[in-house]
Structures are given as C-alpha cells and as structure tokens.
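Here's the structure we're looking at; comments come further down.
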2 protein chains.
Amino acid sequence: MQDKSWDERDGEVRLDEQARTKPITIYDIAKEAGVSSATVSRAISGKGYISENKKLQILDLVEKYNFRPNTFAQNLKSGFTKTIGFIVPHIGNMYFASVYYEFEKWASSHGYMTILLNSKGDYEVESKLLYSLKEKRVDGIVMMGGRMDAVELSDDYIREISEIKDLIPFVSCAAKSERFGCASVYTDDGKGVELLMTHLKSKGYNSFYMIGGGDEFYPAYLKKKYALEIGKKLDMKVNVNWLTPGMHFDYRAGYNGMKMLLEKPLEADVICGVNDYVAVGARDAALEAGLRVPEDIAFVGFDDIGIGTVLPTHITSVSPCYDIFGKKVFTSLHKIMQDNKPQDMKTTLIRPELKLHESTK
Amino acid sequence: MQDKSWDERDGEVRLDEQARTKPITIYDIAKEAGVSSATVSRAISGKGYISENKKLQILDLVEKYNFRPNTFAQNLKSGFTKTIGFIVPHIGNMYFASVYYEFEKWASSHGYMTILLNSKGDYEVESKLLYSLKEKRVDGIVMMGGRMDAVELSDDYIREISEIKDLIPFVSCAAKSERFGCASVYTDDGKGVELLMTHLKSKGYNSFYMIGGGDEFYPAYLKKKYALEIGKKLDMKVNVNWLTPGMHFDYRAGYNGMKMLLEKPLEADVICGVNDYVAVGARDAALEAGLRVPEDIAFVGFDDIGIGTVLPTHITSVSPCYDIFGKKVFTSLHKIMQDNKPQDMKTTLIRPELKLHESTK
C-alpha cells in the first residue's frame with residue numbers, strides 16, 4: 001500500500017502545505033528567480049557550477065516557500081528509498097549476471113533502483129557490504145552465492161543474516177536458506193539432476209562422472225547427493241569426484257580435472273560439470289587430447305550460461321530459466337517490502353529446463 | 001573536500017546540537033526505551049515488525065532528542081547521496097560486466113554505492129533511466145555504450161546529455177564524447193588496431209578481413225578506419241565488410257557472416273571480429289565447415305572477453321585492460337564529483353594490450 005501512495009506522487013511536493021493549496025514546484029522557483037529549473041537544481045544540490053549570488057537568491061526562495069524537491073521530500077515522509085541492494089560474488093559470472101539482468105528489469109519497472117555489489121565471495125567484504133546497505137536504508141536486499149552457499153557456517157554468521165532480515169526485507173538465492181529463517185528463491189536442483197540424467201539414460205549413456213565442485217558448498221553437495229540417488233533409480237553408474245581441491249566452479253577446475261581423468265582409461269561415457277564453466281573446461285581438455293565430442297565422450301553442465309551471453313558453450317545444460325527466476329526474486333522481495341510485518345521465510349523452487357546442445361548425442 | 005568531511009563522520013549525529021554537547025546515538029535512544037538498537041532502527045525506518053506501542057514510545061524519544069540516524073542526517077546536510085548511477089546496455093555482455101566489476105571495486109572502497117541499470121540499448125529506456133537517476137539525486141553518472149556510440153545523433157539527444165552533465169558529474173565510456181562536451185574514458189582503438197595488425201604482419205599474415213559491425217556505430221566505424229589506414233602503412237590487404245545488416249557485435253553476426261564468406265574462395269588469411277563475440281562466432285562457423293584454426297585460417301577480435309570470465313575464448317584479442325579502465329572511470333568521475341565547478345570535458349584514452357591465444361600462429 002505504501003508503494004501505491006508513493007507511485008501516485010510524481011509531481012513536486014512541499015512539506016508545509018498550510019500556506020498554499022497548490023504545491024509549489026521547481027518551475028515556480030525558477031520563474032520567480034528568473035533562471036532555468038536546472039539552475040535551481042544546481043543551487044539546491046550544490047552540484048554543478050552556479051554563481052554565489054544566484055545561489056543565495058534561489059536558496060532564499062526555497063526557504064521562503066519551504067520548497068523540497070520531490071524525491072527528498074518523499075523519502076523523508078515515507079522512510080522508503082525505493083532502492084534495493086543486490087550482492088553477488090562476481091558480476092563477471094554469467095549465472096549471476098543473467099539473474100541480475102532479469103531482476104533489474106522488474107525492479108526498474110516497479111520504480112526501484114538496484115545497487116549491485118560484488119562481494120568477491122569474501123566473508124569480510126560481504127559483511128561490510130551488508131552493513132553499508134543497512135546504513136544506506138535500502139528497502140530490500142537480495143543476496144546470491146557467497147557465504148550463504150557454505151555447508152558449514154558459524155553461529156555468528158547465521159545470526160548476522162537473521163538480524164539483517166529482521167530489519168530489512170531480504171531474499172536469498174541459495175539452497176538451504178531455512179538456516180537463516182529468510183525467504184529464498186532457488187533452482188530445484190533435484191528436478192534438474194533428474195531431467196538431465198533421465199535424458200542421458202534415454203540416449204544410451206550409462207556412466208556419469210561429476211567433477212568440479214566441493215562438499216563444502218551446497219550447490220555442489222546437493223547435486224552430488226541427487227546424482228547418486230537418481231543414478232541408483234535409473235541403474236546408471238555414478239561417480240562424483242571433486243578432483244581439484246582449491247579450484248571449484250570454474251573453467252580451470254574442469255580443465256585440470258579432466259586432464260587428471262585422462263591419465264587413466266576413462267570409466268565414464270558422460271562428464272558432468274558441476275556448472276557450465278567446469279563443463280566447458282573439461283570439454284576443452286578432452287578436445288586437446290584428441291577426443292571427439294560427443295562421439296568419444298559427452299559433456300553436460302548446469303546453468304546454461306551460453307544462452308544469456310549469446311555466446312554458445314555448445315554444452316547440454318540444465319537451465320535455471322533466468323526470466324522466471326529473476327522475476328520471482330523480485331516479486332518475492334516486493335511482497336515482503338509491501339507487507340510490513342514479520343517476514344515470511346518462504347522457499348520458492350524454480351523448475352529448471354534442459355537445453356540440448358551438441359556436446360551430447 | 002566535502003568527501004573528506006563526510007568520511008570523518010562515521011558515528012551517529014544529530015541535527016540540533018544546541019541542547020547537548022555530545023551527540024545522541026541510537027544506543028542512547030535504545031537504552032532509554034529499554035529496547036535493542038535494532039528495534040529503534042525498525043521504529044524509525046518503519047521496516048520490520050515492531051508493536052505499535054513500542055514504536056510510538058521510541059518515536060517520542062526520537063523527537064525529544066531530535067535524533068536522526070547518520071546517513072539521513074548527512075544526506076540532508078551535505079546534499080550528497082554517495083550513490084553513483086551506471087548505465088550499460090546489458091550486463092550479460094562481458095565487456096560491460098568487466099568494466100563494471102573493476103569500477104565498483106573502486107567506488108565501494110571510496111564509500112560510494114553504484115546503481116547498475118540495463119538500458120537494453122533502447123533509446124527510450126535510456127532516457128527514462130537518466131531521468132530516474134537525476135530524480136534519485138545520484139552524485140555521479142557513468143554511461144557505457146548505447147546511444148552514445150551512434151555516429152548520427154539528433155540534436156535533442158546531444159542536448160539531453162549536455163544538460164545532464166551540467167547538472168550531475170558525468171563520465172561517458174564511448175568514443176567521440178567531445179560531441180556531448182562531457183568527460184570520457186575510452187580505449188585507444190587506433191593503438192589497439194595497430195598493435196594487432198603489426199603483430200599479425202610479423203607472423204606472416206598478409207590479408208586481413210574485418211566483419212561484424214556497422215558504420216552507424218563508432219566502435220565499428222573507427223576500427224574500420226584505423227584498419228584501412230594501418231593496412232596501407234604495413235602493406236597488408238585489408239577488407240572491411242559488415243556482412244550481416246541488423247546483426248552487430250554478437251555471436252550470430254560472426255557466425256552468419258563467416259558462413260557467407262565461406263560460400264566463395266576465402267580471400268583472407270585472418271578474420272577479425274569487430275569484437276570477441278563476433279570472432280568466436282566466425283571461428284565456430286569455420287570449424288563447423290571443417291577448416292583448421294589457425295592452420296587454414298586465423299581469428300582475432302577485440303575486448304578480451306575470455307579473461308574476465310575465466311572462460312577462455314581461445315581468440316587472440318586486444319584487451320582494454322579492464323583493471324586500469326575501470327579504475328580510470330572511477331577516478332575521473334570522482335575528480336568531477338569533488339571539484340564542484342564546471343565540468344572538465346577531458347578525454348582519457350586507455351592504452352590497450354594484445355593478448356595472444358591459439359586462434360593465431
């Protein structure tokens with residue numbers, strides 16, 4: 001409801017309305033001062049050049065009419081800033097960039113501006129950014145990846161997130177966000193792994209080897225768990241091996257991991273990267289070794305990073321459906337921002353889709 | 001100077017300092033109300049749950065002591081929001097994402113938060129975003145790509161940008177920003193083309209074919225102009241042909257353009273994409289047609305999008321040196337934000353570097 005009343009006020013307003021019935025505007029001030037509205041703006045904001053005399057003359061008028069530019073006045077009245085903070089580890093990762101792009105589209109169309117911050121996946125940076133966003137009085141916060149993905153977390157961290165979400169509407173894009181008691185939007189990884197493996201089985205693949213993650217991160221831990229379960233159900237041989245300690249989720253993890261696998265006779269007919277970056281790295285190592293893809297070995301991954309970029313990876317991938325995902329993150333946050341009551345810790349799982357490319361038969 | 005005085009104020013401050021010498025803090029209010037500081041924040045911001053009674057009690061104390069939380073008070077006093085607006089066509093393009101990442105690092109470390117907006121390269125969206133940023137009273141604006149890159153522009157557009165930059169510190173990341181009378185940071189494309197072609201010549205390449213752009217965009221128009229000039233100097237055969245009208249700067253432009261070239265005997269020993277997306281598309285079309293890279297045909301591009309992503313393109317590319325570029329965009333804007341006088345329309349050209357990969361000998 002607050003939002004609505006905000007949207008209705010798109011003219012200039014003044015705080016003290018007793019002296020005049022029609023609110024005074026920046027154009028009234030400009031007319032009386034004999035200057036342009038841009039000059040009035042410069043005088044009020046202190047930004048851009050304006051002569052000292054002119055500035056004082058305008059500020060006198062501003063005081064006389066108790067004029068306030070609308071955004072400021074509205075912020076003061078409503079306490080809302082119409083600003084959202086969005087934290088990602090690195091916007092150069094297409095997964096985060098694609099969710100952000102879709103989210104920002106919805107946020108903008110609802111009159112919100114989004115502050116995008118890179119945490120570099122660093123614990124201290126993330127804490128600082130959360131603190132800054134609180135100071136900035138953003139109306140809501142979205143957090144993707146970073147610490148929230150860690151399987152083991154300190155009580156301090158869980159408390160930090162719980163406190164933030166009690167103060168500011170908060171949506172996490174991470175698995176197992178129940179731990180923080182906050183609302184979350186995430187991909188249904190179980191469904192994704194099932195779609196992928198069922199398709200592979202139907203194409204005659206029988207041995208599935210997942211690489212590139214680490215048990216300490218839920219996005220890898222859960223995919224491993226589901227792959228082992230679904231492999232049993234489908235009677236597929238499943239191997240999960242995080243071959244490259246210290247390298248996770250990136251091209252090097254896939255490239256180096258695949259090189260290690262190729263040192264011995266290959267006991268798999270499909271290599272699954274824990275995400276597409278890993279899958280592309282593994283595929284490149286196989287091509288370099290003279291293997292044919294998909295004839296000798298197939299590759300699959302997660303996140304469909306080739307679509308969002310218009311830079312195909314050629315890897316069969318489980319797509320998070322970025323358009324639906326990004327929209328859902330916004331609508332979930334928007335609902336909390338409008339409710340003005342204790343936050344609902346609802347988890348929304350987005351059903352992924354399988355995108356077929358030439359890395360599989 | 002304003003910045004400095006801002007940075008020094010990191011405690012809570014109050015506007016009316018005549019009643020007490022020591023500024024009252026949120027903790028004083030919390031103590032007197034017998035609640036936590038988080039509860040005081042909730043009462044003031046109207047966000048998060050708090051009982052109506054408690055809220056009224058706290059707001060009475062806030063009024064009694066004329067307490068203002070620091071960010072709000074500081075904004076009111078200084079007129080600065082410590083917020084920067086950053087407009088890109090699409091954050092899923094690694095060129096924009098890589099500049100943004102580096103920029104945001106510097107902005108954050110100087111206490112600025114950056115609002116990242118996608119214009120989709122759409123003229124109307126861009127205008128709306130500029131207007132919103134003005135309304136939001138950001139301290140500065142950076143604009144990359146989009147309309148600013150167009151060779152032909154309406155007078156209205158040039159006036160729009162000129163007015164914005166008179167009102168708000170403004171830096172463009174586009175060639176030929178002299179048109180707008182604004183400060184700009186851009187890659188030295190002449191130097192980039194020269195580095196690239198000189199290297200190719202030294203490796204024995206003699207025929208250079210550039211594809212994927214359009215004369216209506218400066219980033220393509222200028223590279224074409226430089227390639228023709230430098231080709232003459234180096235005695236290299238240069239052909240520039242934007243083969244795919246309506247498709248520019250993307251994978252499809254390269255892929256489709258290359259397919260068209262392959263319909264006739266190839267009269268070039270190196271294909272240059274107007275950027276890396278185009279080069280990757282062209283390379284893929286060549287591989288699909290059974291050509292060997294670089295033995296039968298070499299590929300080069302611009303922007304080095306493979307490095308930032310940790311997803312190698314394997315394409316020899318002219319790198320904008322994102323770390324230097326992003327830092328320079330911030331320092332240029334920061335200088336204007338601090339100067340508080342008519343903006344300097346300084347153009348800064350960043351010297352690019354050549355990154356060699358396996359798409360060339």
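The values are calculated or read from the model by the stated rules, or taken from the named source; none is laboratory data. What you are looking at is a predicted structure, and each value in this text was computed from that prediction instead of being measured. As a convention, Cβ positions derive from the backbone with ideal geometry for all residues, glycine included, and neighbour counts pool all protein chains shown.
Points worth noting:
- Cβ-Cβ contacts under 6 Å between residues 6 or more apart (or on different chains), taken from a first residue in the stretch A:286-312 that is at pLDDT below 95 to a second residue that is among the aliphatic types (A, V, I, L, M) and buried (at least 24 other Cβ atoms within 10 Å of the Cβ), are listed as A:Ile305/A:Met94; A:Gly308/A:Met94; A:Thr309/A:Met94.
- Inter-residue pairs, beta-carbon under 7 Å, first of a type outside the set (Gly, Ala, Ser) and in the stretch B:321-332, second surrounded by fewer than 18 Cβ atoms within 10 Å (Cβ to Cβ), 6+ apart: B:Cys321/B:Glu353; B:Lys328/B:Thr348
- Selection from the stretch A:105-120 of residues that are closer than 19 Å to A:Leu333 by Cα and either at the interface with chain B (Cβ under 9 Å from one of its Cβ atoms) or in a strand (DSSP E or B) (or both): A:Lys105, A:Ser108, A:Gly111, A:Met113, A:Thr114, A:Ile115, A:Leu116, A:Leu117
- Residue within the stretch B:280-301 that is out of contact with any strand residue (DSSP E or B) (no Cβ under 8 Å at 6 or more places or on another chain), buried (at least 24 other Cβ atoms within 10 Å of the Cβ) and of a type outside the set (S, T, N, Q) present: no
- Only one of the numbered conditions (1) at pLDDT 95 or above; (2) out of contact with any strand residue (DSSP E or B) (no Cβ under 8 Å at 6 or more places or on another chain) is violated by B:Lys223, and that is (2).
- With respect to the conditions (1) at the interface with chain A (Cβ under 7 Å from one of its Cβ atoms); (2) surrounded by fewer than 22 Cβ atoms within 10 Å (Cβ to Cβ); (3) in a helix (DSSP H, G or I), B:His90 lacks only one, and its number is (3).
- Annotation: B:Val274 fulfils all but one of (1) farther than 27 Å from A:Asp284 by Cα; (2) surrounded by 20 or more Cβ atoms within 10 Å (Cβ to Cβ); the unmet one is (1).
- Leading residue by the ranking (farthest from the other protein chains (Cβ to nearest Cβ)) among those in the stretch B:141-157 that are among the acidic types (Asp, Glu) and surrounded by fewer than 18 Cβ atoms within 10 Å (Cβ to Cβ): B:Glu152
- Of the residues making up the stretch B:272-290, those that are over 16 Å from B:Lys355 (Cα atoms) and more than 12 Å from chain A (Cβ to nearest Cβ) are B:Ala282, B:Ala286, B:Ala289, B:Gly290.
- Selection count where residues are in contact (Cβ under 8 Å) with a residue 24 or more places away in the chain and either among the polar types (S, T, N, Q) or not assigned by TED's automatic domain parsing to the domain that holds B:Val280 (or both), scope the stretch B:202-240: 3
- Conditions (1) surrounded by fewer than 24 Cβ atoms within 10 Å (Cβ to Cβ); (2) touching a helix residue (DSSP H, G or I) at 6+ places or on another chain (Cβ under 9 Å); (3) facing chain A (nearest Cβ under 10 Å); number of the one not met by B:Ile305: (1)
- Note on the stretch B:121-140: residues that are hydrophobic (A, V, I, L, M, F, W, C), within 11 Å of chain A (Cβ to nearest Cβ) and not in a loop (DSSP other than H, G, I, E, B) amount to 3.
- Test result for A:Ile324, β-branched (Val, Ile, Thr) and surrounded by fewer than 23 Cβ atoms within 10 Å (Cβ to Cβ): yes
- Within the stretch A:92-150, the set of residues being over 24 Å from B:Val125 (Cα atoms), at pLDDT 95 or above and polar (S, T, N, Q) comprises A:Asn118, A:Ser119.
- Flag if A:Ser162 is of a type outside the set (A, V, I, L, M, F, W, C), more than 12 Å from chain B (Cβ to nearest Cβ) and part of a helix (DSSP H, G or I): no
- Pairs where the first residue, in the stretch A:144-162, is more than 23 Å from A:His90 (Cβ to Cβ) and the second is among the charged types (D, E, K, R), C-beta under 8 Å, 6+ apart: A:Ile158/A:Arg179
Conditions (1) among the basic types (Lys, Arg); (2) in contact with a Gly (Cβ under 7 Å, 6 or more places away or on another chain), marked per residue:
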| site | (1), (2) |
| --- | --- |
| B:Pro294 | no, no |
| B:Asp303 | no, no |
| B:Ile307 | no, no |
| B:Tyr322 | no, yes |
| B:Lys341 | yes, no |
| B:Lys346 | yes, no |
| B:Arg351 | yes, no |
| B:Ser359 | no, no |
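- Residues in the stretch B:158-181 that are surrounded by fewer than 23 Cβ atoms within 10 Å (Cβ to Cβ) and hydroxyl-bearing (Ser, Thr, Tyr): B:Ser162 alone.
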